[in-house]
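Below: one structure, written as structure tokens.
The values are calculated or read from the model by the stated rules, or taken from the named source; none is laboratory data. All values reported here derive from a predicted model rather than from experimental measurement. Here the Cβ positions follow ideal geometry from the backbone for every residue, glycine too, while neighbour counts run over all protein chains shown. Accessible surface is based on the protein model in full, side chains and every heavy atom, while ligands, DNA and RNA are left aside. Shrake-Rupley method; radii C 1.70, N 1.55, O 1.52, S 1.80 Å.
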Amino acid sequence: MLFTQIDGDIEIISVDAPTIPEEEPVDESQINPVDVIQPTEDSELLEEDNNQLLEDEDTSESSESASVPTTTNTTSTPAAETEVAQQEGNFTNAYESHLGVRNTRTVTPQETKAQLNQIEQITGIKPALIYAFFKPQNPTPDKPNPKDKNEILWQFNASTPQHQQLSTNPNPQPTDQLELVLVTASGDVIRRPVPGATREKVLQQVQQLRRAVTDVRIPRPYKPSAQQLYDWLISPIEEELQAQEINNLSFVMDRGLRSLPIATLYDGNQFIIENYSVGLMPSFSLTDTRYVDIRNANILAMGASQFKEQDPLPAVPQELSLITNQLWSGESFLNQNFTLDNLKEARASQPFGILHLATHGEFKSGKPSNSYIQFWNTRLTLDKLRELQLDNPPVELMVLSACRSALGDEQAELGFTGLAVQAGVKSALGSLWYVSDTGTLGLMTTFYQQLKQAPIKAEALRQAQLAMMRGEVELDGDELVTPSARISLPEELLNQGNINLTHPYYWSAFTLVGNPW
């Protein structure tokens, strides 16, 4: 049946549904993933102006009492699915504009659900996609003018659903309200506005949490903010997560939320990683969501311990040796051999599935050329990253073990969370802030041990973070203790005494972006 529905600024024009061809059954023994990223015609970005909402002032560390908000129960209606499509398109366009990517077709909610189902069938993990974004609380109630095409945000026709963004949300306001949309393999699309969770309040808590966990030298309480953010971002949809036995969460986040250390979210008794593996996606459309088992992949590990203009990384030689000689099979290049030419030559001779870069990486404000990965003799700016052709043959996972991002800066957030897209890899693991050498060595060693066993990358990261949180990874005299080994430290890291690595500073910075599977 044909119909036209108008919901606020959204007009849905329906025509006869297209014929959907039958999908060939998935042979789970032979992983044949479905690539939902297909280029079509360009979509023009009308990016919102970047208004700074928060002054970097010394706000009180006291948090509002953490209570579960009352939410509006909005489920899988045409408006809810249209909201998914709108946010998917908005986020995709924001990254396209910043990263210089073009021709991305917006994936429909139905395609998203189908891919989540395929991941579940192949891995046994039950994934969910969570959109967290801000909406005006009191949108202008004016009726759309049929003569003004800018009022039509989304139009679907009988061909492949095309994303056509004709207008964007108003400039961000402090009073904008947080909304969540949950997409799973089999359940309804759940849309939940979160009353009281305004942009200003939420970003204040994010800022407080980041300040509390990024510096262990000045003890600050972090659990109040971590719990309040859990109550806003997880509690409104947790009943559905539990009912469907979801255990993997991928977040597509609005500006200001993309540098949130998700692993620190706290429900009052447990951290989120005690129940879910977590990660960030720029958007589902920009993510290569195909699954490949990497447990037998070879690794190319490169890095430097000395730099001309930056602090040394004394644990890097041991980090590379452990990864390539004990934990995995691979090849390593250190210091003067850590060059772009050697990277290209090594990949030309062998299709390494994992690329590990133990070096400084900086995600800064402004265009991608301001951000870089430090090689021995050059800085590779992010706008040149595509020239490495890491998608041919494909790198399933790229790890930056000593990078950091300008926390709270929108463009730095886009660079960090868009790293997998920019590099042409499926997944990227990096740190939001620079972590200590021993902390990094402990997490990386444990992560690669878990990566040999876990069905997905996000689960390997979760297990490594849990080991640190539970005190199973620690500095004991001149040795680093992990769940499976005692590692002698290099001379530069001796005489530190005993260091407990349970604080979120040591483990929550590490974030998986892109494909978590």
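Extending 7 Å from Cα along the Cβ direction at Ser321 and again at Gln270 yields two label points whose distance is 3.9 nm. Each residue, Gln242 and Arg295, gets one label point 7 Å from its Cα in the Cβ direction; the gap between the two is 3.1 nm. Note on Arg486 and Gln110: the extension gain reaches 130.5 nm, defined as 0.36 nm multiplied by sequence separation minus the Cα-Cα distance. Using a Förster radius of 35 Å, what is the FRET efficiency between Lys367 and Gln306 based on their Cβ-Cβ separation? Nearest 0.05, please. Computed FRET efficiency for Lys367 and Gln306: 0.75. Computed about its Cα centre, the charge dipole of the stretch 172-291 is approximately 620 debye, with only Lys, Arg, Asp and Glu carrying charge at their Cβ.
Here the dipole of the stretch 360-517 is about 460 debye; that uses its Cα centre as origin and unit charges on the Cβ of Lys and Arg (positive) and Asp and Glu (negative).
Highest mean packing comes first when the peptides 216-222, 196-202, 409-415 are listed by Cβ atoms within 10 Å, giving 409-415, 196-202, 216-222.
Given R0 = 35 Å, the distance between the Cβ atoms of Arg379 and Asp215 translates into a calculated FRET efficiency of 0.85. Label-to-label distance for Asp478 and Asn138 is 6.9 nm, based on points extended 7 Å past Cα in the beta-carbon direction. Packing, taken as the mean count of other beta carbons within 10 Å per residue, orders the peptides 92-103, 492-503 from highest to lowest as 92-103, 492-503. If I compute solvent accessible area with a 1.4 Å probe over the protein chains, what percent of it on the stretch 215-294 is carbon and sulfur? Carbon and sulfur together cover 41 percent of it. State whether the stretch 433-517 is rounded, prolate or oblate according to the following rule on the C-alpha gyration tensor (a ≥ b ≥ c being the square roots of its eigenvalues): a/c under 1.5 gives rounded; otherwise a/b larger than b/c gives prolate, and the remaining case gives oblate. Prolate. Nonpolar atom fraction for the stretch 302-440, defined as the carbon and sulfur part of the 1.4 Å probe accessible area, stands at 42 percent. Look at the dipole of the stretch 241-393 built from charges on Cβ: of Asn296, Ser365, Ala315, the Cα furthest out on the positive end belongs to Ser365.
Once Rg and the Kirkwood radius are both taken over the C-alpha atoms of the stretch 214-364, their ratio Rg/Rh works out to 1.04. All Cα-Cα separations within the stretch 200-290 were binned at 10 Å from zero, giving a P(r) of 16, 46, 31, 7, 0, each value a whole percent of the pairs.
Probing with 1.4 Å while keeping every protein chain in the model, the per residue accessible area of the stretch 351-492 equals 31 Å². At the listed q of 0.32 Å⁻¹, the Debye profile of the stretch 305-350, built from one uniform point per Cα, gives log10 I(q)/I(0) equal to -1.11.
Exceedance of the 19 Å cut-off in Cα-Cα distance is limited, within the set Lys135/Lys201; Lys308/Lys344; Lys344/Lys457; Lys364/Lys384; Lys426/Lys457; Lys367/Lys426, to Lys308/Lys344; Lys344/Lys457; Lys367/Lys426.
Remark: the stretch 376-388, residue by residue, has Karplus-estimated 3J(HN,Hα) of 4, 10, 6, 9, 8, 6, 5, 6, 9, 4, 4, 5, 6 Hz, where x stands for each Gly or Pro and the curve is 6.51 cos²θ - 1.76 cosθ + 1.60 at θ = phi - 60°.
If you plug the beta carbon distance of Ala348 and Ser97 into 1/(1 + (r/R0)^6) with R0 = 30 Å, you get a FRET efficiency near 0.35.
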